[in-house]
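Visitor: Encoded as structure tokens, here's the structure I'll be asking about.
Derivation of every value follows stated rules applied to the coordinates shown; laboratory data play no part. As the structure is a prediction and not an experimental result, all values here were calculated from the model. Neighbour counts are summed over all protein chains in view; Cβ atoms, including those assigned to glycine, are modelled from backbone coordinates with ideal geometry.
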Amino acid sequence: MNTNRIYGHQELALLYFPNVLPSSASTQLTRFIRRDPELLSALEAIGYRKGLRLYTPLQVRTIVDHMGDPENWNL
């Protein structure tokens, strides 16, 4: 996964949840972020806020650091 580019919320969500509808993938990613206080805090410290639709490369790396690479990630 290229963590040096901007990802849309749905685009990133589909990497983690490839076998569900795009809207469901987005919902699941949002839930994972909000249910992990450490991840949420780390993201907020670098500009994340509710309703954000694009993730900067730093935010993407933070998510990958906490959740793992989507290619190796299992729910």
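Visitor: Of Glu38, Glu71, which residue is more than 19 Å from Met1 (Cβ to Cβ) and in contact (Cβ under 8 Å) with a residue 12 or more places away in the chain?
Guide: One residue alone meets the criteria, Glu38.
Visitor: Does the range 53-63 hold any residues that are farther than 15 Å from Gln28 by Cα and in contact (Cβ under 8 Å) with a residue 40 or more places away in the chain, and which are they?
Guide: The answer is Leu54, Tyr55, Thr56, Pro57, Val60, Arg61.
Visitor: Could you list, in sequence order, all residues of the range 6-25 that are within 13 Å of the chain's Cα centre (by Cα) and farther than 16 Å from Asn74 by Cβ?
Guide: Residues satisfying the conditions are Ile6, Tyr7, Gly8, His9, Gln10, Glu11, Leu12.
Visitor: Another question about this same structure. Within the range 26-75, count every residue that is acidic (Asp, Glu) and within 11 Å of the chain's Cα centre (by Cα).
Guide: 2
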